[in-house]
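Working notes for the structure below.
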Amino acid sequence: MRHHHRLPRPQRAGRTWRQAWASIDVRCDAVSSRVLTLNLELAGTAPAASLCAVATGEPVWLTWRSLVGEWTPATMPTVHVCENPTVVEAAADTLGTRCPPVVCTDGIASGAALARIFHRVAGGDLGRVQSGVVG
């Protein structure tokens, strides 16, 4: 497919592969690309805003699909970033609702993490990002 459509070889799955598949009318799902969050306050009409609002203090998986639509950070906090879901679980167990906002990439950041969450950070919408120990 890549050769037939003269597409560059993507370094990993993600946006380029989705574009390649879409170019031959193959629809990719919007639920397997996900990001784990804890106490991330979002405002707006995107389903992710409602999911985060009802699960304060609990880890929440947000999918690409749930992040489609209008949303903005409800506040401008420091957002802690980690790659291991166990860190988020420990933060929820230890700090619960007192934990600062955490975004977990679950290894290599997915499209949901990169395109939907971190582009807001790059644009300054989420305040400051801190990686490392939470709390």
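Brief remarks follow.
- Candidates VAL103, VAL88, VAL133 - the one that is at pLDDT below 85 and either assigned to a loop (DSSP other than H, G, I, E, B) or of a type outside the set (Phe, Trp, Tyr) (or both): VAL133
- Test: residue in region 42-55 that is surrounded by fewer than 15 Cβ atoms within 10 Å (Cβ to Cβ), under 14 Å from PRO101 (Cα atoms) and either at pLDDT 70 or above or not hydrophobic (A, V, I, L, M, F, W, C) (or both): yes
- Whichever residue in region 24-39 is modelled with pLDDT under 90 and surrounded by 13 or more Cβ atoms within 10 Å (Cβ to Cβ) and, among such residues, is nearest to VAL88 (Cα to Cα): VAL35
- Residue selected from region 56-80 under the condition charged (D, E, K, R) and under 19 Å from THR105 (Cα atoms), by the criterion modelled with the lowest pLDDT: ARG65
The values are calculated or read from the model by the stated rules, or taken from the named source; none is laboratory data. Model, not experiment: these values are computed from the prediction. Please note: Cβ atoms are built from the backbone with ideal geometry, for glycine as well, and neighbour counts cover all protein chains shown.
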